[in-house]
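Data first, discussion second: the structure below is written as structure tokens.
Rule-based calculations on the coordinates, nothing more; no lab input. This one's a predicted model, so the numbers in the text were calculated from it and none came from an experiment. Here Cβ is always computed from backbone atoms with ideal geometry, including for glycine, and neighbour counts include all displayed protein chains.
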Amino acid sequence: MIDLQRDGDVYVLRFDAGENRFSPDFLGAVEGALDSVAKNDGPGALVTVGTGKFYSNGLDLDWLGANQDRFGEYLGRVHGLYARLLELPMPTVAALNGHAFAGGGMLALAHDFAVMRTDRGYFCLPEVDLGMSFTPGMNALIAGRLPKATAHEAMLTGRRYAAEQAREAGIVQRTAAEGDVLPAAVEQAAAMAGRNGAAVAKIRTDLYRPVLDALHGPALP
Amino acid sequence: MIDLQRDGDVYVLRFDAGENRFSPDFLGAVEGALDSVAKNDGPGALVTVGTGKFYSNGLDLDWLGANQDRFGEYLGRVHGLYARLLELPMPTVAALNGHAFAGGGMLALAHDFAVMRTDRGYFCLPEVDLGMSFTPGMNALIAGRLPKATAHEAMLTGRRYAAEQAREAGIVQRTAAEGDVLPAAVEQAAAMAGRNGAAVAKIRTDLYRPVLDALHGPALP
Amino acid sequence: MIDLQRDGDVYVLRFDAGENRFSPDFLGAVEGALDSVAKNDGPGALVTVGTGKFYSNGLDLDWLGANQDRFGEYLGRVHGLYARLLELPMPTVAALNGHAFAGGGMLALAHDFAVMRTDRGYFCLPEVDLGMSFTPGMNALIAGRLPKATAHEAMLTGRRYAAEQAREAGIVQRTAAEGDVLPAAVEQAAAMAGRNGAAVAKIRTDLYRPVLDALHGPALP
């Protein structure tokens, strides 16, 4: 379901569950991996990557349909995952090998930087087209991490951004051909791995305090 | 004073009162039109446009000069107009056929997107040159909708932005020749008209909650 | 240590103390100069500039090392300096003749605009590389004045921005050759000197109210 390897100073966390939707098992596996990574001492950085044509498609709507009474609890756990990344005491880079949709796109935004594959794959927040809206935590995460005009367009139109469009809109910082996405992300992460982890976490959590307050607050309004 | 037509799924609200300053009668007419538009069921989107060389020059200073005791009440009504647009359950596009000054520029910012005429007309917040400042609601609207550097420059220098400058500064998203401004805005609105109106309103009001709180709060500090 | 001259309507405040670190004496001299400038009546604008290869390197770490018991008081005074600039009743321009590091970089951000020297000198927030973080006031100032992506990169990676990089990142608005930095800043300031000072201060303090609240709040969490 996931795979955690270390490449020099860089932890590479691979999501390997098809569309990488956030099933409870998937969340548990990722939480466990982040627990392990957070114990790192000395230089370190994290790269996450998916498999095939998906980075992550976000919420597990099948599971949710069968467990509607656990909606709030489930959303709280997803919020917790985003918060864990913002609080991680090391630099983080998302290697977007493929689609980053909805909650999966927000997962990418919870990283410090993102590299996106050029030949296929979209970043998309399709909620508006599904007649859905965003939780307070998700709203705060998107608004806190994207330029205002991009947050507005992405949230209100559900636009699909290909790699170069995503870079121009400030959603990702770099683009790369399919085979170069992970190496580029690892290279960027390695260059930052020497940073003081405690300082990284303190600076990042101070900068995103309102986002973290929303993510740790009530999952539903 | 105003004219409301429907072009396919798109409501076209034309301001037709010279400089389109916000006299009480003008505000009443626009409020009535938005009441009508808000009752839309099914696909829908709104375009607003002015006439001749003016989109809108904002506050009606002549009326205000004669009714200074009603300043707070009047500002509250202007704030309410901006809030109504942010709360409207459909996508909105401003077709800037001409000058959008002061409160008229802010009216443009209360729309989802704006198209601006290239050959003449400016976006300008001239308050600083008039020795005036911004109400809490106006300050929140401008700061909430413009890139930080643009809000700073526009508010503190009173710069007049021609169309291409306004696009580069993130004030408008598209520019067009005089005869193409309204068609371009209608085309963009039509492309978004199928969005779920309730979702649009919920996402937008969540995203701009602090702006709406300021607009609905005391009109004067 | 400092020198205050008037060039037409423009006050030119030169920092002339080597690295221009914020020793108590330096702070006292700058505070006195700003007191004098703030009494201006009629047209006016302020330019600050350093000497040689330094604009300012920020906190006086030598003095702090010998006066650790006065850390909070000292930081409060530095915060006060930033606040004074944001509150100054006239337009302000920083002429970055050289390095603007850490607290010195933040000093530049407290001005309305900045012009940066092209051939040498960096803007840099090196705190993360020193294992340090930012005070609540400094965090608010940086986040309030820089585009989100730039604040994130500058604070979390300690990147050194040369002039053109700083312009692209939205840290400065203009760049100039060494001999043109001060003239360009004075020219820009002079063009804005006719603005109503009270309106400038009111608009600016309203726009940056959350930043000022943080700067005037507790210096340490």
| request: Evaluate the following for C:Met106: is it assigned to a helix (DSSP H, G or I), buried (at least 21 other Cβ atoms within 10 Å of the Cβ), in contact (Cβ under 8 Å) with a residue 24 or more places away in the chain and among the hydrophobic types (A, V, I, L, M, F, W, C)? | output: yes
| request: Answer yes or no as to whether B:Arg167 is among the basic types (Lys, Arg), under 17 Å from the mean Cα position of the chain (by Cα) and crowded, with 23+ Cβ neighbours inside 10 Å. | output: no
| Which one of these does C:Arg117 not meet: (1) within 18 Å of C:Asn20 (Cβ to Cβ); (2) within 14 Å of chain A (Cβ to nearest Cβ)? | (2)
| field | Residue among B:Asp206, B:Asp180 that alone is part of a helix (DSSP H, G or I), facing chain A (nearest Cβ under 9 Å) and without any contact (Cβ under 8 Å) to a residue 60 or more places away in the chain | value | B:Asp206
| Can you name the residue in segment C:109-134 that is part of a helix (DSSP H, G or I) and acidic (Asp, Glu) and is also surrounded by the most Cβ atoms within 10 Å (Cβ to Cβ) among such residues? | C:Glu127
| request: Output the number of residues of segment B:80-103 satisfying the condition of being in a strand (DSSP E or B) and in contact with a Cys (Cβ under 9 Å, 6 or more places away or on another chain). | output: 3
| note | Checked against (1) touching an Asp or Glu at 6+ places or on another chain (Cβ under 9 Å); (2) away from chain B (no Cβ under 14 Å); (3) closer than 16 Å to A:Asn57 by Cβ; (4) touching a residue at least 40 places away in the same chain (Cβ under 8 Å), A:Tyr122 satisfies every condition except (1)
| Does A:Val12 satisfy being touching a helix residue (DSSP H, G or I) at 6+ places or on another chain (Cβ under 8 Å), in a strand (DSSP E or B) and of a type in the set (Val, Ile, Thr)? | yes
| task | Consider C:Gly137 carefully, then state whether it is of a type in the set (Gly, Ala, Ser) and crowded, with 23+ Cβ neighbours inside 10 Å. | result | yes
| request: Out of the residues in segment B:145-164 that are without any contact (Cβ under 8 Å) to a residue 24 or more places away in the chain and part of a helix (DSSP H, G or I), state the one that is farthest from the other protein chains (Cβ to nearest Cβ). | output: B:Thr150
| task | Count, please, the residues in segment B:203-221 that happen to be over 14 Å from B:Ala45 (Cβ atoms) and either crowded, with 21+ Cβ neighbours inside 10 Å or in contact with a Leu (Cβ under 8 Å, 6 or more places away or on another chain) (or both). | result | 10
| query | Within the group B:Leu34, B:Leu13, B:Leu75, B:Leu59, which residue is in contact with a Gly (Cβ under 6 Å, 6 or more places away or on another chain) and among the aliphatic types (A, V, I, L, M)? | reply | B:Leu59
| remark: Taking segment B:83-100 and keeping only residues that are farther than 17 Å from B:Met192 by Cβ and surrounded by fewer than 24 Cβ atoms within 10 Å (Cβ to Cβ), one is left with B:Ala83, B:Arg84
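Table: residues versus (1) surrounded by fewer than 20 Cβ atoms within 10 Å (Cβ to Cβ); (2) in a helix (DSSP H, G or I); (3) in contact with a helix residue (DSSP H, G or I) (Cβ under 9 Å, 6 or more places away or on another chain); (4) β-branched (Val, Ile, Thr).
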residue	(1), (2), (3), (4)
B:Ser36	yes, yes, no, no
B:Pro43	yes, no, yes, no
B:Asp62	yes, yes, no, no
B:Gly65	yes, yes, no, no
B:Val78	no, yes, yes, yes
| said: When you check B:Ile142 against the structure, is it within 30 Å of C:Arg195 (Cα to Cα), within 14 Å of chain A (Cβ to nearest Cβ) and part of a loop (DSSP other than H, G, I, E, B), yes or no? | reply: no
| said: Restricting to segment B:165-177, name every residue that is away from chain A (no Cβ under 14 Å) and outside any helix (DSSP H, G or I). | reply: B:Thr175, B:Ala176, B:Ala177
| said: If A:Pro136 meets every condition in (1) over 20 Å from A:Leu75 (Cβ atoms); (2) more than 15 Å from the chain's Cα centre (by Cα) apart from one, which number is that one? | reply: (1)
